[in-house]
Amino acid sequence: MFSGLGAIALNTFRETVRDRILYAFVLFAFLFTLAGIILGSLSIGQNERILQDMGLAVISMIGGIIAIFLGTNLVYKEIDRRTIYLILTKPIARWQFVLGKYLGLSFCIFVVTGLMGIFLVGLLAVFGAEVKALVLVAQAIGLIYLELLFVIAVATFFSTFATPLMSVLFTLAIWLIGHMSQALLELSKLSQANTSDAACIPSCTKLGQVMYWIVPDLAKLTQVRYELISLRPVDCEILFYLITYILAYIIFLLLLSTLVTEQREFS
Amino acid sequence: MTNYVIETSDLIKDHTSPFLRKKFRALDRVTIRVPEGQTYGLLGLNGAGKTTFLKLLLGLLKVTDGQVSVFGHEPGSPKALARIGFLPESPYFYSHLTAQEFLDLVGKLFGMNGKTRKAKSLELLAMVSMAEHAKRPLRKYSKGMLQRLGLAQSLMNDPDILFWDEPTSGLDPIGRRDVRQIILKLKSQGKTIFFNSHLLPDVNEVCDHVGILHRGRLIGEKAITDSAGTGRYQDLEKYFLETIAQADQSRSANS
């Protein structure tokens with residue numbers, strides 16, 4: 001059972017790391033992080049903080065771009081290029097195929113995020129950051145990776161039935177909504193309170209509430225990350241809660257992806 | 001009692017257009033039984049439903065109505081797939097892999113251990129005359145080379161039955177001869193072979209039994225081991241053309 005799963009994961013990992021575009025993105029990430037040094041030198045005594053903020057933003061952004069663009073092609077490309085015929089006619093279950101693809105890309109993103117993270121932590125160490133600060137930055141990078149795992153799961157789900165362009169749009173929308181879900185809830189509460197006639201409650205009020213309950217609150221991850229980079233340690237309990245919360249969404253999305261793949265015909 | 005490896009009974013497959021909800025019947029009450037050890041050639045014009053039939057046997061498509069089983073199992077079940085070697089029509093591969101890496105991947109999917117995978121992939125690459133290209137990326141392969149690799153990967157698990165969709169397409173005369181020889185060798189080992197083709201000379205040379213699929217219907221079946229010698233091919237061609245002409249005539253008479 002694990003031989004097939006591992007084989008698909010390894011193949012997906014190989015496919016992504018042998019794609020030259022990945023290296024272009026990583027190179028960009030290094031260059032942008034280095035640009036943080038120049039920006040920091042323009043500030044007064046904030047070099048380290050600017051480098052840290054810039055580096056984390058780059059890891060989040062470049063990691064997100066890679067996750068979205070590779071994730072939305074993950075299953076779709078197999079169907080489009082008809083390589084799926086050679087895989088699904090072997091004795092493996094479709095959940096193994098979906099999970100294997102997901103794990104392969106997740107490991108690739110882990111390596112990329114890890115490299116970018118090591119580079120950032122190394123630069124911060126050179127600039128004289130304390131070990132305690134470096135540990136907190138490493139935790140923040142871990143949370144970015146957790147968020148990317150969620151983005152890959154969303155992209156994988158859409159790639160099982162939609163074209164890459166549609167999947168990119170859907171995944172971006174979910175990612176953005178996830179970051180704004182608290183604001184959406186507040187907005188819906190405000191609009192409800194300001195409307196005297198119940199019948200006039202706009203449908204977008206309800207939509208905001210539904211979105212809040214469906215999409216995970218990614219803003220929480222950002223808040224905790226902010227705490228960490230402000231050198232304020234976060235309780236292990238909160239970190240554990242966040243990891244469980246995001247993992248639950250990932251498992252749910254992978255189950256949905258498997259369900260779609262099970263139902264699909266490959267004509 | 002005869003052991004049937006493939007059994008279909010009144011098999012129906014409808015394709016539905018996603019927007020217009022219009023139905024198109026790709027297969028209409030197809031009943032085929034293939035006993036163990038037989039080499040069965042499914043003939044038909046382009047679009048007759050041959051590939052659809054194969055995909056139903058493999059579980060890539062879902063049955064609309066009727067019965068289908070492979071080794072007594074549901075199509076697409078891991079137990080059935082473990083005993084099948086499949087070659088799709090004009091196979092597509094992962095262009096980032098080399099031939100050896102690809103065969104290794106296939107071996108892993110069948111749960112084979114590392115030593116067996118390596119030995120088997122080298123043996124198969126030699127068999128399809130691809131040993132010297134084992135470490136070249138597949139994106140640099142010609143169509144014929146990909147077809148040869150497709151044949152090799154379908155034999156990786158030492159299958160009991162082979163499902164080959166147009167195995168000789170894209171091959172030069174030497175490649176076609178090699179494939180025919182491989183089929184004859186597999187036949188001598190008692191393997192069951194089921195393949196789609198519209199190349200009558202190839203079918204004629206290796207098959208024990210043929211079926212003709214036309215517009216989704218099985219319009220004829222015939223054992224071809226009974227005739228022998230140079231007249232065999234002409235017999236098969238004549239039988240094929242006459243059966244299709246008759247089916248078209250009765251169709252236009254009915255409509």
Distance in Å, no decimals, from the C-alpha centre of region A:14-80 to the one of region B:73-110 is 35 Å
Once Lys and Arg are counted +1 and Asp and Glu -1 for all other residues with Cβ under 9 Å from that of B:G107, the total becomes +3
Summing -39500 (n - 2.57) over every DSSP H run of at least 4 in chain B, dividing by its residue total and rounding to the nearest 500, the 222 nm mean residue ellipticity is -12000 deg cm²/dmol
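In region B:9-49, what trypsin sites (Lys or Arg not before Pro) fall in a loop by DSSP, with at most 12 other Cβ atoms inside 10 Å?
Those that pass, being in a loop and sparsely packed, are B:R21, B:K22.
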Honestly region A:96-135 on the Cα gyration tensor test (a ≥ b ≥ c root eigenvalues; a/c under 1.5 rounded, otherwise a/b vs b/c for prolate or oblate) is just prolate
Taking a straight Cα-to-Cα line shorter than 25 Å from B:K238, and setting aside same-chain lysines fewer than 8 residues away, one finds B:K50, B:K222
A correct Karplus calculation of ³J(HN,Hα) over region B:52-66, with 6.51 cos²θ - 1.76 cosθ + 1.60, θ = phi - 60°, whole Hz and x for Gly and Pro, returns 4, 4, 4, 5, 5, 5, 9, x, 6, 10, 9, 6, 7, 7, x
Neighbours of A:S60 by Cβ distance under 11 Å: Lys/Arg at +1, Asp/Glu at -1, summed charge -1
Candidate span helices, chain A: DSSP H, at least 24 Å along axis from Cα coords, Kyte-Doolittle average at least 1.6, result A:20-42, A:94-126, A:131-159, A:236-263
Surpassing 30 Å at the alpha-carbon level, of the pairs B:K140/B:K187; B:K115/B:K140; A:K132/A:K189, are B:K140/B:K187; A:K132/A:K189
Restricted to the protein assembly as shown, the DSSP antiparallel beta bridge percent, nearest 5, is 55 percent
Along principal axes, largest first, the alpha-carbon spread of chain B in whole Å comes out as 59, 49, 41
Per DSSP, the loop-located GluC sites (Glu not before Pro) within region A:43-131 having at most 12 other beta carbons within 10 Å are A:E130
Taking Cα pairs closer than 8 Å and at least 6 residues apart, the relative contact order of region B:92-158 in percent is 47 percent
A 1.4 Å probe over the protein heavy atoms gives the protein assembly as shown a carbon and sulfur accessible-area percentage of 61 percent
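May I ask you to derive the relative contact order of region A:2-263, considering only C-alpha pairs under 8 Å and at least 6 residues apart, and to give it as an integer percent?
Values: 280 pairs, mean separation 61.7, N = 262.
Normalised by residue count, the contact order of region A:2-263 is 24 percent.
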Rg/Rh of the protein assembly as shown (Cα atoms, Kirkwood Rh), to two decimals, equals 1.09
Log10 I(q)/I(0) at q = 0.15, 0.21, 0.23, 0.28 Å⁻¹ for region B:92-158, from Debye over equal alpha-carbon scatterers, is -0.37, -0.75, -0.90, -1.33
Residue-normalised value, i.e. accessible area per residue, for region A:2-263 at 1.4 Å probe, in Å², stands at 48 Å²
Filtering chymotrypsin sites (Phe, Trp or Tyr not before Pro) in region B:1-46 by DSSP loop and by at most 16 other Cβ atoms within 10 Å leaves B:F19
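Return the ratio Rg/(2.2 N^0.38 Å) for region A:2-263, where Rg is computed over Cα atoms only.
So region A:2-263 has a normalised radius of gyration of 1.12.
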Surrounding charge for A:P164, neighbours by C-beta under 14 angstrom, Lys/Arg +1, Asp/Glu -1, total 0
The B/A contact buries a total accessible area, at probe radius 1.4 Å and rounded to the nearest 100 Å², of 2700 Å²
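The values are calculated or read from the model by the stated rules, or taken from the named source; none is laboratory data. These numbers come from a predicted model, not from an experiment. Positions of Cβ are generated from backbone atoms using ideal geometry, with glycine treated the same way; all protein chains shown enter the neighbour counts. Ligands, DNA and RNA are stripped out before the accessible areas are found, and what is left, the full protein with its side chains, is counted by its heavy atoms. Shrake-Rupley method; radii C 1.70, N 1.55, O 1.52, S 1.80 Å.
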